[in-house]
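Below is one structure; the comments refer to it alone.
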Amino acid sequence: MLFVQMENFGSSRPVINTSISSGSSFHPYLRLGGGARRLRSLLLGIETVLGLPAWLLIAVTENVHSAALGWVMFVSIFCWVLTVVLLLLYLAKALTRMPQLPWDTATLVFNCSAALVYAVAGVVEATLVASSKEEDSYSAWAASTVCVFLVSLSYACSSILSLRSWRAMQDGGEGG
């Protein structure tokens, strides 16, 4: 983080002091404790692994042409792709190499948004499953609904960890 401090030592011109903190403090998950970092990494893996079958199981059902299921599938695919991109950035350590970007805020907004839209999508899908009269696609729908709710729970937990990291950034501290 770039800190700028203006000082006036009795001269007519102010003196500007700048200092740059280490780049590792910008990593949104490094501000969390060791256990929270492992948990965040585990949650990112769960979001990636369970997000894939969530939309794949919707795709194999025969009622994909329903507008509500189309929206659920869009939410699932969109969030899954963004999660894979975040995972690749995390693995490539791009979050520490580009400290000038507000990673804390971006991950907080993404995780909260994903948790909210996934929860709504899960409720929509569960409602459609409950009203479904087709027995052949019921098991795929039920499995997809379970995956959607598990991914939603995972994003909600990630939101809590992102909020802790964001608060640590706002407080200027290193601990979450």
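The values are calculated or read from the model by the stated rules, or taken from the named source; none is laboratory data. These figures come from a predicted structure and were not determined experimentally. Neighbour counts run over all protein chains shown; Cβ positions are idealised from the backbone, glycine included. Ligands, DNA and RNA are excluded from the accessible area calculation, which covers all protein heavy atoms including side chains. Shrake-Rupley method; radii C 1.70, N 1.55, O 1.52, S 1.80 Å.
The table for this structure:
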| quantity | calculated |
| --- | --- |
| Translational diffusion coefficient (Stokes-Einstein; Kirkwood radius from C-alpha pairs) of segment 37-113 at 4 °C, 1.567 mPa s, in µm²/s | 94 µm²/s |
| Fully extended contour minus Cα-Cα distance, from LEU42 to VAL81, at 0.36 nm per residue | 12.3 nm |
| Sequence of THR105, THR145 from largest to smallest accessible area, 1.4 Å probe | THR105, THR145 |
| Sequence of TRP141, TRP71, TRP166, TRP55 from largest to smallest accessible area, 1.4 Å probe | TRP71, TRP166, TRP55, TRP141 |
| Largest-first ordering by accessible area, 1.4 Å probe, given options LEU50, LEU95 | LEU50, LEU95 |
| Over segment 93-143 - Rg/Rh using Cα atoms and the Kirkwood inverse-distance radius | 1.32 |
| Two-site FRET efficiency, ALA142 against LEU116, from Cβ-Cβ distance with R₀ of 30 Å, rounded to 0.05 | 0.85 |
| Computed lengthening from LEU101 to ALA67, 0.36 nm per intervening residue step minus Cα-Cα distance | 8.6 nm |
| Percentage relative contact order, segment 57-130, counting C-alpha pairs under 8 Å, at least six apart | 47 percent |
